[in-house]
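Written below as structure tokens is the structure these notes are about.
Every number in this text was worked out from the coordinates using simple rules, so none of it is lab data. Since we're looking at a predicted model, the values are computed, not measured. Every residue, glycine among them, receives a Cβ derived from its backbone with ideal geometry; neighbour counts consider all protein chains shown.
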Amino acid sequence: MDLGEGLRKAIARLSGATIIDAKAIKEFNKELQKALLGSDVEVSLVLALTKKIEDAALRSKLPDAVTPKDYITNLVYEELVKLMGKKYEPEMLPKRILLLGLYGSGKTTTSAKIAKFYQDRRLSSAVVCCDVSRPAAYEQLETLAKQAGVGFFGIKGERNVAKIVKEGLAALKDKKVIIFDSSGRNALDKELIVELKAINDQAKPDEKILVISADIGQVAGRQAKEFDEAVKLTGVIVTKIDGSGKGGGALSAVNAANVNIGFVGTGEKMNNIELYDSRKFVGRLLGIPDIESLVAHVQEAVKEANIKPEEMQIQELNFDTFYTQLKAMSKMGPLKNVMGMLGIADMPKGALEESEEKLKKYKSIIGSMTKEERMNERLMHDSNRIKRVAIGSGTKEQDVRGLLKDFANMKKMMNAFQNDRDMKRRLSKFMPKM
């Protein structure tokens, strides 16, 4: 069970409560503590948090027209936000960034992601390979830079990091943001500290950011302190938030170490990185919809898929327009993250995986149709066409028939929505303005 699921289950136990008394709060806090400790949040932080919730709940009167569940949810939300740290808002100015981290943290992938983040905001960016210890580090970063569409510099086989930095700065002098990807180790040792200081002295970075994997839990706090003492960090990036139940433990530990959290990594794709906002993070844990982030993800995905904004405005639903939607969805990262933004956090894992697999199949099936078949779905109600498309897409005929059935249902729903003016009016404020 991950942290969000544990929190939601603890709060759900209050659904039938009519009053908030000491007994109800103590029972709730036991479940809350279990969820937090199970996600590797440090014991003293858990005890302090639940004590604050208990004190606040018992000393104040339940407001009129507010249910005990909603009242406690709000208390938990506010206290967790404090526990998880502040919102990060970087200045969009030219800068040099040194990324540090141990093996397995996702540092090299994060280098390319951060470069893309700034380049997408009109600050030309590049990455420099200063990892001189890991085999294939040069090739990996070069490949990731191409995927991200950012500049790259490295000297293959060179062991002198100061020389790499010096020549890199000269070669990339036209870039506004330069990110230095340093070597990792299994632990922070003297050799790594010497290497980092050499990069620091030559590059004179404006930001020194530690990359930490969320799955290490509260150990993240100790790592943050150790690196901070060695090179004086300006921030931390926490990766692998998407699939880790330890995300809350890592984030709370880093905040307790008095180091700011800058970004969180939410997947493997280049756009799966977000500015850290504890309110949004905690909101998703509690199943609160995050429409603002969803709209931003849709817009980024549309851009990533090279789709023109007008193509997303569906006037008529056919396989061609549906294919455009699937292309955008495939760029949005794990379906679990998208559902979390919608406030739908408790879909069974099996159902999510099945849905993602189905969407991939549908994209392949439509990709194997002719232009005429995409524009006129009636043509696909032919067994010979179904067989041909199944073979062309590497799927089964029953998969093609499944698409036809789901597509027919979607078309019915869309027609019903278009004819419901009141529903359109109520939902219009949530729709993305592409």
Suppose the chain between E268 and L404 were pulled fully straight at 0.36 nm per residue; how much longer would it get relative to their current alpha carbon spacing?
45.8 nm
Efficiency of FRET between D206 and K34 - r from beta-carbon atoms, R0 45 angstrom, step 0.05:
0.60
Stokes-Einstein D for segment 49-121 (20 °C, 1.002 mPa s, Kirkwood Rh from Cα pairs), in µm²/s, comes to 130
Averaging over every viewing direction, what projected area does the convex hull of the Cα atoms of segment 135-237 cover, in nm²?
7.1
Cα-only Debye scattering, segment 3-84: base-10 log of I(q)/I(0) at q = 0.13, 0.17, 0.22 Å⁻¹:
-0.35, -0.61, -1.04
To the nearest 20 debye, what charge dipole does segment 37-194 have about its Cα centre, counting +1 at the Cβ of each Lys and Arg and -1 at the Cβ of each Asp and Glu?
560
Listed pairs K30/K225; K240/K280; K146/K371; K34/K107; K146/K173; K113/K175 exceeding 26 Å between Cα atoms
K30/K225; K146/K371; K34/K107
Taking the radius of gyration and the Kirkwood hydrodynamic radius from Cα positions alone, what is the Rg/Rh ratio for segment 95-285, to two decimal places?
0.94
Karplus (6.51, -1.76, 1.60) ³J(HN,Hα), θ = phi - 60°, over segment 104-112, in Hz, Gly and Pro reported as x
x, 7, x, 5, 5, 4, 5, 4, 5
How large is ³J(HN,Hα), in whole Hz, for each residue of segment 253-270 in order, when computed from phi with the Karplus curve 6.51 cos²θ - 1.76 cosθ + 1.60 and θ = phi - 60°, using x for Gly and Pro?
5, 5, 5, 5, 7, 6, 10, 6, 8, x, 10, 10, x, 10, x, 8, 6, 4
Can you list residues whose amide H is under 5 Å from F152's amide H, if they're 5+ apart or on another chain and H is modeled 1.01 Å from N?
V127
For a test of the definition: using alpha carbon positions, the gyration tensor, and the 1.5 limit on a/c, classify segment 70-173 as rounded, prolate or oblate.
prolate
So, with points 7 Å from each Cα along the Cβ direction, the K26-R385 label distance in nm works out to 6.9
Taking the Cβ of G184 as the centre, find all other residues whose Cβ is under 13 Å away and add up their charges (Lys, Arg: +1; Asp, Glu: -1).
-2
Sorted by chain and number, the residues with a modelled amide H under 5 Å from that of L100, at a separation of 5 or more or across chains, are I209, L210, V211
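Nearest 0.05, what FRET efficiency do N74 and I19 give at R0 = 22 Å with Cβ-Cβ as r?
0.85
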For segment 207-219, Karplus couplings with θ = phi - 60° (6.51, -1.76, 1.60), whole Hz, Gly/Pro x
9, 10, 10, 8, 9, 10, 7, 4, 6, 8, x, 5, 4
